[in-house]
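So the structure is just underneath, and the comments pick up after that.
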Amino acid sequence: MVKFYRHQLSNGLQILVYPDYSTPMVALDVCYHVGAKNENPNRTGFAHLFEHLMFGGTKRIPDYDEALQHAGGENNAYTTNDLTNYYLTVPKENLETGFWLEADRMLELDFSEEKLNIQKNVVIEEFKQRNLNQPYGDVWELLRSLAYEVHPYRWQTIGKEISHIADASLDEVKAFFYRYYAPDNAALILSGNVDEDLCVKLAEKWFGSIPNRQVNKAPIPQEPKQTALREMTVERDVPDTALYLAFHMPGRQERGYYVCDLISDVLSNGNSSRMYQRLIKEQKLFVELDAYVSGDHDPGLFIVSGKLAGGVTIDQARKAIWEELRRIQEEPVTAIELEKVKNKLEANVVYSQMNYLHMAQELAGFENIDRAERINEQMLIYRSITSSDLMTRAGQLFRETNCSQLNYMAKQ
């Protein structure tokens, strides 16, 4: 049981405190409930752009990194489809420095054309490196746009195209900040060697006077049910031809998400998994093969991806994968098989909870879904899942009419 404490400031800021006295350090995490899914379809990549802009300084603190380094701290951030998360670690004696830094940039950034252009160039280069210059770099861009027609998960956090960032104006960037970067759209998580009362006192001191912005998000369009197989074939300069199958699956608030997660482990987690044993070791059809869930908070994707062995055709690879997907619908997963994946998953959860920074990020993620208390429910859900649940969900999931297939052909 993860024991943490919850408080709320009058401006709407949620505060979560998770004491862990095994470390002399403290993690301070600020999770903003804005991700790529909240962007204008014609101005994608803004959530990720702010991951960079937030380190550009304020009028009161021109150099965020320097101020934190003087306190013996480190920091980083990441953006997903659902959230933007900023975190720092400091020795417990310097905790207030973290409050000072994060509250100051929540209030206001030092916006300028020069700073914006610098970060736009950084993001554009990142886009080129990630999507254009890296082998298999555009897979997610292609697969998301194939699987989704309406939901904003159809673009990546880096954005749909370079022009959306290149053409972004200072006014547009400011409007995004003042719309989403607010105490009533954020959670502050303290983890590590912390005192609950002190954290609440410091939160009130540094964040309490920041006005809420009455954040009003546009509703997220819901993806209509897929009714036919979608298929795309591209040719790229890569070493191995690859096959990707994407299936629509439940979101993180649904029990079905956890069932899908276990199905992915049964299929491909480890050298004893079904697909590794049959399709890599025995039949030698693939050099790499994996099944995993996208982890998105709204209904996401169950992915099966594989790089084909030499001489194997897309049709052969596809047929072999579908045989395994049908098998899990028709043959019950054995008690030993199911217990093994549950034990491995539980061990990973327990191990991750030993790290104070990881705990801050986990609490932030669950709070973004809807409430951090879910962190204590996940293993109960996993443990309750039966072999029958796996068969039923697999039957709903693995249908050709629910599949988007990307054939990623190596140039000859």
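Go through the stretch 329-412 and name the trypsin sites (Lys or Arg not before Pro) that are in a DSSP coil and have 10 or fewer other Cβ atoms within 10 Å of their Cβ. Those that pass, being in a loop and sparsely packed, are Lys411. Ordering Met25, Met1, Met409 by the number of other Cβ atoms within 10 Å of each residue's own Cβ, fewest first, gives Met1, Met409, Met25. Applying a DSSP loop filter and a limit of 15 other Cβ atoms within 10 Å to the chymotrypsin sites (Phe, Trp or Tyr not before Pro) in the stretch 6-75 leaves Tyr21. For the stretch 326-334, backbone phi angles converted through the Karplus equation (6.51, -1.76, 1.60; θ = phi - 60°) give residue-by-residue couplings of 6, 4, 6, 7, 9, 10, x, 5, 5 Hz, Gly and Pro being listed as x. Taking a straight Cα-Cα cut-off under 15 Å and skipping sequence neighbours fewer than 8 places away in the same chain, the aspartates and glutamates within cross-link reach of Lys344 are Asp261, Asp265. Given the stretch 230-410, what percent of its DSSP beta bridges are antiparallel, to the nearest 5? Looking only at bridges with both residues in the stretch 230-410, the antiparallel portion is about 75 percent.
By the beta-carbon count within 10 Å of each Cβ, the least crowded to most crowded order of Tyr351, Tyr148, Tyr292, fewest first, is Tyr351, Tyr292, Tyr148.
The HN-Hα couplings worked out from phi for the stretch 367-374 by the Karplus form 6.51 cos²θ - 1.76 cosθ + 1.60 (θ = phi - 60°) are 5, 5, 4, 5, 6, 5, 4, 4 Hz, whole numbers, x standing for Gly and Pro. Between Gly57 and Tyr64, the built amide H atoms are under 5 Å apart, and every one of these is 5 or more places off in sequence or on another chain.
The charge dipole of the chain, taken about its Cα centre with unit charges on the Cβ of Lys, Arg, Asp and Glu (plus for the first two, minus for the last two), comes to roughly 1000 debye. Put the Cα centre of the stretch 237-291 next to the Cα centre of the stretch 75-119 and the gap is 36 Å.
Relative to the longest principal axis of the Cα atoms of the chain, the long axis of helix 113-127 lies at roughly 20 degrees. Within a Cβ distance under 9 Å of Leu345, other residues only, what is the Lys/Arg minus Asp/Glu net charge? Net charge around Leu345: -1. Between Lys411 and Ala175, the modelled label-to-label distance comes to 4.1 nm, taking each label 7 Å out from Cα in the direction of the beta carbon. Across the chain, Cα-Cα pairs more than 28 Å apart make up 54 percent of the total. Between the stretch 10-45 and the stretch 136-200, the C-alpha centres lie 11 angstrom from each other. Hey, can you grab everything whose amide H is under 5 Å from the amide H of Phe398? Only 5+ residues off in sequence or another chain; H modelled, so Pro and N-termini drop out. The answer is none.
For Lys174, the lysines whose Cα comes closer than 27 Å to its Cα, not counting residues fewer than 8 places off in the same chain, are Lys37, Lys59, Lys115, Lys120, Lys128, Lys160, Lys205, Lys217. Loop-resident trypsin sites (Lys or Arg not before Pro) (DSSP state other than H, G, I, E or B) in the stretch 198-272 with no more than 14 further Cβ atoms inside 10 Å of their Cβ: Lys217, Lys225.
Remark: Tyr257, Tyr276 ranked as Tyr276, Tyr257, counting other beta-carbon atoms within 10 Å and listing the fewest first. In the stretch 5-207, the ratio of gyration radius to Kirkwood radius, Rg to Rh, stands at 1.00 when only Cα atoms are counted.
Quick note: the coordinates plus some simple rules give every number you see, no bench work behind them. In this text, all values refer to a predicted model and were calculated from it rather than measured experimentally. Here the Cβ is made from the backbone with ideal geometry for all residues, glycine too, and neighbour counts use every protein chain on show.
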